[in-house]
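Asks: For reference, the structure I am asking about is given below.
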Amino acid sequence: MPEQWKLDKSSSVPLHRQIYDYIKGRIMNGEWSVGTKLLPQRELASRFGVNRSTVIYALDELAADGLIESRVGQGTAVINNTWSLLAAAPPQDWNSYVQSGAHQPNIQMIQLINKAEAESTTIRLGTGELSPDLLPVDLMREQFSSSPIAGRFSLGYSEPKGSPYLREIISNYLLAKGISASPASIMIVSGGLQGLQLISLGLLHSGSAIFVESPTYLNSIQVFQSAGMQLLGIPMDPSGLQTGAIGRMKRQHDAALLYTIPTFHNPTGYLLSAERRTELIRICNQERLPVIEDDVYGDLWFDSPPPRPLKALDQQGLVLYMGSMSKTLGPGLRIGWIVGPQPVIDRLADIKMQTDYGSSSLSQYAVAHWLSSGLYEQHLVRIRTELKARRDCMLGILEHYFGELASWHIPQGGFYIWLRLREPVPMRQLFDQALKEGILLNPGAIYDRNDQQHLRLSYAYAPLVQLEQGLVRLAGLIRQHLSA
């Protein structure tokens with residue numbers, strides 16, 4: 001039910017008739033297909049701001065017209081639409097198509113989070129992106145109008161691997177990280193998520209096992225699961241992935257690859273130590289286990305740079321390295337990259353051309369300019385300073401209000417604090433109760449289905465005033481559950 005549609009209580013048309021007309025219109029134009037379930041009567045009444053009896057009156061008229069039907073224990077659903085009213089043929093049931101699609105739907109809590117993030121009044125305590133206040137919108141606008149590389153800009157399709165100029169610049173950018181990669185071994189993608197989708201489509205078989213950290217961001221999306229693959233968790237501690245478990249698990253499960261976020265991990269914020277990075281590469285070489293290294297947070301360090309990426313230690317072409325501008329320059333640019341052996345990159349580029357025919361040339365142009373002009377490094381200095389101040393602010397709030405309720409690790413970069421409640425609470429109830437009060441949480445179960453004791457907190461998005469308001473209220477809600 002769209003929030004923007006409101007009843008006109010000053011109209012001469014009765015309220016129940018307005019509700020009737022609205023629902024009928026959605027059914028008759030095909031937006032609500034046969035099988036679509038309506039919200040419960042009490043929730044409809046709350047959304048419309050009327051008494052439940054007004055909603056019942058409208059629904060009774062819709063039922064009398066043969067558009068909807070209520071069944072005990074099953075709720076109210078659409079049973080007819082325009083075409084079924086005009087023809088004797090059975091109505092088209094689009095729900096059967098929806099349910100048979102190959103790509104699995106998001107888990108319900110992620111769907112609720114995505115919906116709540118669209119509400120401007122929501123306090124987003126777990127959102128994994130920069131605040132709009134931290135994005136260089138004005139400078140980006142200025143650079144587009146006066147860029148010295150305007151002659152390189154094109155609105156046509158780029159090459160399958162992406163703009164040659166951008167790939168050359170990224171090749172130079174990666175050298176500072178210790179990664180030697182020619183432009184031919186780099187492919188531009190529309191964000192890190194597309195990179196994972198291309199890998200699942202182009203390199204892996206259905207039924208493959210994938211090693212991941214536990215918990216992991218990968219559990220919150222369905223990119224590998226929809227391709228019929230199984231995610232197997234390897235435990236973590238504050239020093240990152242416990243590399244000693246890799247060999248044992250590889251002998252138990254013939255995994256296709258290992259996916260890892262070694263630098264400022266999502267959701268924990270942990271940083272894989274230099275010693276473990278060396279050990280991870282040694283073990284994966286020994287086990288012939290390919291690695292996907294997701295390094296989207298690597299530039300967001302606070303006091304000192306992190307250890308070199310796994311790809312910088314890779315001497316056998318074992319690591320596919322993924323980077324992105326979504327966490328640093330702006331999620332709307334949708335520009336990332338994959339670095340790997342040239343035959344792999346050629347294969348992924350071929351798949352990409354079959355799916356979207358290339359990433360936005362406008363965004364590629366913008367990223368190329370920011371990297372080549374030095375603006376990106378200047379921007380990173382500001383963002384690191386801002387994020388560190390936000391982290392410290394959140395740590396101060398946690399010390400004051402959560403000292404007896406939870407424990408946490410202090411991140412050295414990135415966006416996240418992995419809050420562990422000292423006593424478990426009914427996490428779904430806490431999530432629902434907080435959402436009713438306009439506070440959006442990211443519970444640990446999103447990243448590990450068995451986790452009922454963690455919350456992913458982000459200091460990157462919410463304004464500091466909202467951050468404190470939301471955390472203070474969250475502490476109160478947790479205390480209510482613990483005292484119940």
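The values are calculated or read from the model by the stated rules, or taken from the named source; none is laboratory data. Keep in mind that this is a model prediction, so the values were computed, not measured. We place every Cβ from the backbone using ideal geometry, glycine too, and count neighbours over all the protein chains shown.
Asks: What is the residue count in the range 405-461 for residues that are in a helix (DSSP H, G or I) and either of a type in the set (Asp, Glu) or under 22 Å from Asp295 (Cα atoms) (or both)?
Replies: 3
Asks: Tally the residues that are in contact with a helix residue (DSSP H, G or I) (Cβ under 9 Å, 6 or more places away or on another chain) and either over 16 Å from Arg167 (Cα atoms) or of a type in the set (Val, Ile, Thr) (or both), restricting the search to the range 335-351.
Replies: Number satisfying all stated conditions: 8.
Asks: Next up: Taking the conditions exactly as written (surrounded by 24 or more Cβ atoms within 10 Å (Cβ to Cβ), within 29 Å of Gln108 (Cβ to Cβ) and within 21 Å of the chain's Cα centre (by Cα)), does Pro267 satisfy them or not?
Replies: yes
Asks: If a residue has to be in contact with a Pro (Cβ under 9 Å, 6 or more places away or on another chain), of a type in the set (A, V, I, L, M, F, W, C) and under 21 Å from Tyr259 (Cβ atoms) to count, how many in the range 314-343 make the cut?
Replies: Selection size over the range 314-343: 4.
Asks: If you don't mind, another one. Run down Ala445, Ala406 and say which single residue is modelled with pLDDT under 95 and hydrophobic (A, V, I, L, M, F, W, C).
Replies: Going through Ala445, Ala406 in turn, the sole match is Ala445.
Asks: Residues in the range 10-32 that are charged (D, E, K, R) and either in contact (Cβ under 8 Å) with a residue 24 or more places away in the chain or under 13 Å from Arg47 (Cα atoms) (or both): how many?
Replies: Within the range 10-32, residues that are charged (D, E, K, R) and either in contact (Cβ under 8 Å) with a residue 24 or more places away in the chain or under 13 Å from Arg47 (Cα atoms) (or both) number 2.
Asks: For the range 314-328, state whether one or more residues are of a type in the set (Phe, Trp, Tyr) and over 30 Å from Arg479 (Cβ atoms).
Replies: Among the residues of the range 314-328, at least one is of a type in the set (Phe, Trp, Tyr) and over 30 Å from Arg479 (Cβ atoms), which makes the answer yes.
Asks: Consider only pairs whose beta carbons are under 9 Å apart and that are at least six residues apart or on different chains; among these, list those whose first residue lies in the range 313-325 and is within 14 Å of Leu289 (Cα to Cα) and whose second residue is surrounded by fewer than 20 Cβ atoms within 10 Å (Cβ to Cβ) and of a type in the set (D, E, K, R).
Replies: Going by the 9 Å Cβ cut-off, the qualifying pairs are Leu318/Arg288.
Asks: Next question. Among the strands (runs of 3 or more DSSP E) lying completely within the range 248-363, list those that include at least 1 residues that are at pLDDT below 95 and closer than 19 Å to Leu232 by Cβ. I'd like the intermediate steps shown before the answer.
Replies: Numbers: elements: 257-260, 291-294, 319-324, 336-339.
Result: 257-260.
Asks: Would you point out the residue of the range 104-136, among those that are modelled with pLDDT under 85 and closer than 24 Å to Leu300 by Cβ, that is surrounded by the most Cβ atoms within 10 Å (Cβ to Cβ)?
Replies: It comes out as Ile110.
Asks: Are any residues in the range 287-301 under 13 Å from Gly269 (Cα atoms), of a type outside the set (D, E, K, R) and in contact with a Phe, Trp or Tyr (Cβ under 8 Å, 6 or more places away or on another chain), and if so, which ones?
Replies: Hits for the range 287-301 are Tyr297, Gly298, Leu300, Trp301.
Asks: Scan the range 375-392 and report the pairs whose first residue is in the same structural domain as Ile417 (by TED's automatic domain parsing) and whose second residue is in a helix (DSSP H, G or I) and exposed (fewer than 13 other Cβ atoms within 10 Å of the Cβ), with Cβ atoms within less than 9 Å and a gap of 6+ or a chain change.
Replies: That search, which allows pairs on different chains as well, returns Glu386/Asp133.
Quick grid of which residues meet (1) in contact (Cβ under 8 Å) with a residue 12 or more places away in the chain; (2) over 21 Å from His265 (Cβ atoms); (3) surrounded by fewer than 16 Cβ atoms within 10 Å (Cβ to Cβ):
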| site | (1), (2), (3) |
| --- | --- |
| Gly396 | no, yes, yes |
| Glu399 | no, yes, yes |
| Ile410 | yes, no, yes |
| Ile439 | yes, yes, no |
| Asp448 | yes, no, no |
| Asp451 | yes, no, no |
| Pro463 | yes, yes, yes |
| Gln466 | yes, yes, no |
| Arg479 | yes, yes, yes |
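Asks: Now for a different question. When you look at Ser220, is it assigned by TED's automatic domain parsing to the domain that holds Glu279 and more than 30 Å from Trp408 (Cα to Cα), yes or no?
Replies: Considered against the rule, which asks whether it is assigned by TED's automatic domain parsing to the domain that holds Glu279 and more than 30 Å from Trp408 (Cα to Cα), Ser220 comes out as no.
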